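Visitor: Take this structure first; my questions come after.
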Amino acid sequence: MKDDLDNSTIDWWRDAAPADISSPVDITHEAELDPVGPTQPRVMQGLDQRRSNTSATSSSGEGSPSTPGSSSNATNSLREYQQAAHDAIYEYFEELDGNPIIEVPTGGGKSWIIAEFIKSVLAEWPDQKILMLTHVKELIEQNHEKLVLAWDGHPPVSIYSAGLGSYDHSKPIVYAGIQSIWRKANDVGHVDLVIIDECHLVNHDPEGMYRRFLDDLTQTNPALKVIGFTATPYRTGHGPLTHGHNRIFTDIAHRVTIDQLLDLGYLSMLHPKRTESVINVDGITVRAGDFVHSELEERVNDDQLTERILDEVESFAARQHRKHWLLFCTGVEHAEAVAQALTARGITAGCITGKTPKATRAELIDDFRAGRLRALTNANVLTTGFDAPMTDLMALLRPTMSTVLYVQMMGRGMRIAPGKEDCLVLDFAGNVARHGPVNRVEPHIVNHEEGAAPTKACPECDEIVHLSTMTCPACGYEWPVQDRPQPNASASTLRIIADPISTTTWVEVDSMAASRHRKAGKPDSMRLNFAYSNGMQRASKWLAFDHSGYAATAARSLWIKLGGLMPTPTSTTNALLRSHELVKPERIRVDTRGKYPEIVGYDMGEMR
């Protein structure tokens with residue numbers, strides 16, 4: 001155990017980023033960058049070489065940068081959006097001293113980003129001790145697998161998890177289950193960095209397992225840093241993880257959106273159909289932000305209702321040739337009853353709940369993936385740590401008011417797989433009507449002061465505004481207009497994914513100009529105006545160098561993407577003086593659904 005803080009072990013949080021993070025990335029192209037090795041870290045690439053290594057890559061598994069069938073990652077790189085997330089962590093710690101979150105949708109490959117980030121840290125600072133935490137053994141296994149594939153050789157990693165039968169925390173990298181390790185901080189000793197996968201499960205309770213464990217680690221190393229990864233950076237009943245007095249996480253350092261991954265073809269579309277059966281939740285008590293479980297299961301676990309629902313599931317599946325069905329149920333008894341009803345119809349079905357033995361659970365999941373089981377029912381266990389990309393039908397029999405649970409359930413059907421075109425969603429639970437399109441959900445900030453106005457956070461700059469606000473007063477972000485559910489509309493007739501991506505258009509850029517943008521009571525920002533259609537139309541992007549948190553990080557990322565030199569500007573004034581460094585894109589991708597055109601992609605061509 002280290003008794004005194006060794007400055008050399010924490011310099012990387014304060015020094016400039018490693019040399020390999022300066023290469024710009026563009027979400028409209030895939031770039032294959034040279035891999036990082038533990039003994040040969042990447043070197044700074046000149047501006048004229050930043051896009052010299054571009055080439056198409058394929059996907060394999062969850063967010064995998066490798067080609068299908070590849071057993072090694074030695075010659076592969078992260079996808080561009082994954083590389084951008086990786087780089088954003090270093091950029092964050094160049095400027096700020098908090099605990100950031102990296103937001104990546106389900107199926108976007110968080111485990112690959114984590115693996116490559118850990119690899120790059122140890123390549124530059126071999127004496128670091130890194131702890132990767134999560135809450136279920138399946139995620140430990142998945143993350144560990146990606147680390148092994150990403151490493152050139154055998155990574156110095158050990159596993160501490162009762163579920164996996166391993167209690168080793170001796171290596172520089174430790175992948176651990178929080179339930180197993182949270183009382184062992186003294187045994188673990190000095191840790192420099194903690195990475196938490198599915199960090200939305202970290203609550204604000206000072207007595208929670210995560211909080212107590214992190215507090216204990218901080219006693220040994222006051223300079224401990226924590227990085228969270230999640231698809232849903234908010235909690236039911238609280239709101240964004242970066243808000244509140246007892247928060248652990250301070251900023252969203254980087255955000256990858258569902259729209260972005262749909263546009264790139266890395267996520268599968270969800271395809272809804274009208275259902276005749278709708279679960280009635282009228283009169284069910286709401287407590288702690290969701291329906292009371294006992295009342296909900298009593299209402300939903302009804303034989304006649306189950307038979308009507310399965311009639312529809314079977315009919316839709318037969319007409320659309322759906323072969324892998326995933327059903328979300330309200331509880332253990334309900335999940336078991338639905339599985340029995342499916343079996344009685346001659347459909348091969350399995351059931352997984354919290355009571356399912358580990359070996360049986362693994363066997364059922366393997367059978368589902370292999371097609372030996374047509375249907376798999378579950379009760380609150382297959383929302384995280386479950387990877388079955390071939391899922392092409394989801395039936396929601398579990399009403400919820402939890403935005404996190406809703407997004408996590410939807411994510412199970414959005415993974416891509418060979419031969420899969422989309423995923424059919426039958427929402428018998430009315431969840432789409434409650435939460436809206438999965439790519440437009442907005443976590444509300446909970447304000448416990450009596451009479452406080454309802455608020456929400458801007459996804460671009462984290463400005464807190466009234467719930468009814470449609471244009472952010474700080475950065476100009478426009479909230480998309482959502483269709484309001486009709487009083488008698490079935491949830492399954494509503495949009496599960498807002499506005500098709502095909503509504504966006506590539507346009508050639510005629511000119512690009514920079515100017516100062518002023519807003520009363522707010523820091524200045526640099527506004528980039530892009531003219532297109534022979535100068536008749538314009539779209540703008542704001543670079544908020546004088547802001548803090550994600551807004552500043554996004555500004556630095558776009559600066560590099562547009563050819564700006566390192567180090568990035570420290571202020572709006574500095575950015576305007578250096579605006580000549582920026583390269584006009586050949587094309588921009590414009591989304592015209594809102595009041596003003598929104599730029600969602602850049603084509604830099606052969607940027608020199």
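The values are calculated or read from the model by the stated rules, or taken from the named source; none is laboratory data. This structure is a prediction, so every number in the text was calculated from the model and none was measured. Glycine also receives a Cβ, built like all others from the backbone with ideal geometry; neighbour counts cover every protein chain displayed.
Visitor: Just one of V148, V188, V174, V194 is of a type outside the set (D, E) and within 20 Å of D97 (Cα to Cα); which is it?
Guide: V194
Visitor: Given the criteria among the basic types (K, R), under 21 Å from the mean Cα position of the chain (by Cα) and at pLDDT 80 or above, does R440 qualify?
Guide: Taking the combined requirement at face value, the residue does not satisfy it.
Visitor: For region 407-442, enumerate the residues that are among the charged types (D, E, K, R) and surrounded by fewer than 22 Cβ atoms within 10 Å (Cβ to Cβ).
Guide: Matches in region 407-442: K420, E421, D422, R434, R440, E442.
Visitor: Could you list all residues from region 267-289 that are of a type in the set (K, R), within 19 Å of L426 (Cβ to Cβ) and out of contact with any strand residue (DSSP E or B) (no Cβ under 7 Å at 6 or more places or on another chain)?
Guide: Hit for region 267-289 is R274, nothing else.
Visitor: Return the residues of region 226-257 that are touching a Lys or Arg at 6+ places or on another chain (Cβ under 9 Å), hydrophobic (A, V, I, L, M, F, W, C) and farther than 18 Å from V194 by Cβ; say none if nothing qualifies.
Guide: Within region 226-257, A231 is the sole residue that qualifies.
Visitor: Being within 30 Å of the chain's Cα centre (by Cα), within 20 Å of D392 (Cα to Cα) and touching a residue at least 60 places away in the same chain (Cβ under 8 Å) is the requirement here; does A317 meet it?
Guide: Spelling it out, A317 is indeed within 30 Å of the chain's Cα centre (by Cα), within 20 Å of D392 (Cα to Cα) and touching a residue at least 60 places away in the same chain (Cβ under 8 Å).
Visitor: Another question, if that's okay. Check V465 against each of (1) at pLDDT below 80; (2) part of a loop (DSSP other than H, G, I, E, B) and name the one condition it does not meet.
Guide: V465 satisfies every listed condition except (2).
Visitor: Here are the criteria: (1) in a helix (DSSP H, G or I); (2) closer than 18 Å to S268 by Cβ. Tell me which single one L424 does not satisfy.
Guide: (1)
Visitor: With surrounded by fewer than 15 Cβ atoms within 10 Å (Cβ to Cβ), on the phi < 0 side of the Ramachandran plot, free of Cβ contacts under 8 Å to residues at least 24 places away in the same chain and in a loop (DSSP other than H, G, I, E, B) as the only criterion, which of D311, D282 stands out?
Guide: Going through D311, D282 in turn, just one is surrounded by fewer than 15 Cβ atoms within 10 Å (Cβ to Cβ), on the phi < 0 side of the Ramachandran plot, free of Cβ contacts under 8 Å to residues at least 24 places away in the same chain and in a loop (DSSP other than H, G, I, E, B): D282.
Visitor: OK, next. Give me a count of the residues in region 322-351 that are among the β-branched types (V, I, T) and in contact with a strand residue (DSSP E or B) (Cβ under 8 Å, 6 or more places away or on another chain).
Guide: Matching residues across region 322-351 total 4.
Visitor: Still on this model: Could you check how many residues of region 189-212 are modelled with pLDDT of 95 or more and assigned to a helix (DSSP H, G or I)?
Guide: 0
Visitor: Within region 242-285, track down each residue that is at pLDDT 90 or above, of a type in the set (S, T, Y) and over 30 Å from D97 (Cα atoms).
Guide: Correct list: Y266, S268, S277, T285.
Visitor: Quick test for you: out of T360, T257, pick the one residue that is out of contact with any Ser or Thr (no Cβ under 9 Å at 6 or more places or on another chain), surrounded by 14 or more Cβ atoms within 10 Å (Cβ to Cβ), at negative phi and not aromatic (F, W, Y).
Guide: It is T257.
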